[in-house]
Amino acid sequence: PTDPLELCLEYKLGFDDVSDLEEKKCVVTFDERKKLTAEDAKVFAQALIDQGPTNIEYLFLAGNEFGDEGLAAIAHAMEEGALPKLLTVDFSRDKATDAGFICIVNAIKHCRQFRDLIFAENTLGDTGFAALHQVMLRDEWPNIERLNLAGTQFSRHTISDASFVPFATDLADGKVKALRLEELEMSDNDIRDAGYAAFAVAIQRGNLRK
């Protein structure tokens with residue numbers, strides 16, 4: 001391509017040609033000096049839509065700068081059917097908030113094989129987690145295996161008992177189904193004893209793997 005935005009994206013992704021996404025299985029950002037911006041993410045998402053449905057299974061896009069705007073663009077590509085085989089995404093350290101997280105979780109239903117969501121070290125709180133709760137109540141993520149919503153010691157996520165207790169209660173009561181869940185990482189959040197107690201009931205009732 002001669003479009004300068006496409007050329008820039010190719011350089012950052014290490015691709016020979018961004019117009020050749022259809023057969024790729026995995027897309028990775030690997031260079032701290034080549035962070036994707038919101039504009040890069042929009043170009044990438046549009047390329048996915050234009051070439052879709054693609055065979056991409058893994059999007060490892062951690063450590064970028066595209067934030068909520070970029071996540072909204074990628075979510076739109078998911079909604080448009082561009083990523084039907086998507087299994088795993090890593091959006092850690094992408095300067096994203098609840099707004100971007102909500103866009104992604106609401107688009108999961110368009111990727112029926114989807115398993116793993118890593119959204120560590122962003123800015124995430126009860127609003128985002130409550131949206132995920134609703135997605136799971138609607139059984140729009142039946143194949144969940146791994147969910148990583150960890151903050152960091154000095155930049156905590158703020159998911160608290162306000163959103164986690166209702167989620168864990170519905171999990172314990174069988175309203176939320178997550179029998180394939182293998183990993184739930186919630187470190188450096190604001191969940192307290194009530195949240196952990198409710199989650200323990202779900203385990204005791206056999207609604208989670210032990």
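Over the residues of the chain, the helix contribution to mean residue ellipticity at 222 nm works out to -12000 deg cm²/dmol, using -39500 (n - 2.57) for each DSSP H run of at least 4. Distance from the C-alpha centroid of segment 105-125 to that of segment 129-178: 11 Å, rounded to the whole angstrom. Looking at the chain alone, DSSP beta bridges between its own residues are antiparallel in about 5 percent of cases. Just the protein heavy atoms count here, and of the accessible area of the chain at 1.4 Å, carbon and sulfur take up 49 percent.
Accessible area per residue for segment 38-168 is 35 Å², calculated with a 1.4 Å probe on protein heavy atoms, without ligands, DNA or RNA. Centre-to-centre, using Cα atoms only, segment 80-96 and segment 21-39 are separated by 11 Å. Considering only Cα atoms, the convex hull volume of segment 23-171 works out to 95 Å³ per residue.
The values are calculated or read from the model by the stated rules, or taken from the named source; none is laboratory data. Please read all numbers here as calculations on a predicted model, not as lab measurements. Please note that ligands, DNA and RNA were not included when accessible areas were found on the heavy atoms of the full protein model with its side chains. Shrake-Rupley method; radii C 1.70, N 1.55, O 1.52, S 1.80 Å.
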